[in-house]
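FYI, it's all coordinate maths here, none of it is from the lab. What you are looking at is a predicted structure, and each value in this text was computed from that prediction instead of being measured. Here Cβ is always computed from backbone atoms with ideal geometry, including for glycine, and neighbour counts include all displayed protein chains.
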Amino acid sequence: MCRAQFENGECGNSFLLGDGGCPCRYYMMTPLLRPVTEVEKRYQKAHIGTRNVVERLFGVWKRRFPVIAVGICTQLNTTMTTIVATAVLYNILKEQCDEMPADENSVDNDLLLKIDMNPLRQTGNLVRGQLIDLVFT
């Protein structure tokens, strides 16, 4: 999926999760700057926990295939093929129960709840607020 597809409404009721450096958009949910209410804290914990899983997976993928971590200096089509190929190989190795590198950088979710996030003020803040009220109340 690309940004244009999300902005054109082609992705249905899907959301992307971004960190505090991403602008909050109606399709990009970012952490709250300072969660206060219990509902906001539940959203923050769910957001951080979900992103943590994805970030750990990316970390394992980069350790398994260092070319992903150091950067690929090829033409765009070759780069995209390399990314897809390493993702396929990653899944094959996982199905074969091949031992993955240890995750040495796991993040304490409770600690992250205390970190100030600074999402840019966008119209997505309204959508995020509605999502919090709907799902986390």
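Expected output is a single nm value to one decimal: the length gained when fully extending between Glu40 and Ile92, i.e. 0.36 nm times separation in residues minus the C-alpha distance. What is it? Provide the component values of the computation, followed by the final result.
Numbers: separation 52, 0.36 × 52 = 18.72 nm, distance 3.86 nm.
Taking Glu40 through Ile92 to full extension adds about 14.9 nm, to one decimal.
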Under 5 Å, built H, 5+ apart or other chain: amide partners of Met28: Leu16
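Charges at C-beta only: +1 for Lys and Arg, -1 for Asp and Glu. How large is the resulting dipole of segment 36-103 about its Cα centre, in Debye rounded to 20?
Details: 9 positive and 7 negative charges, 33 e Å.
About 160 debye.
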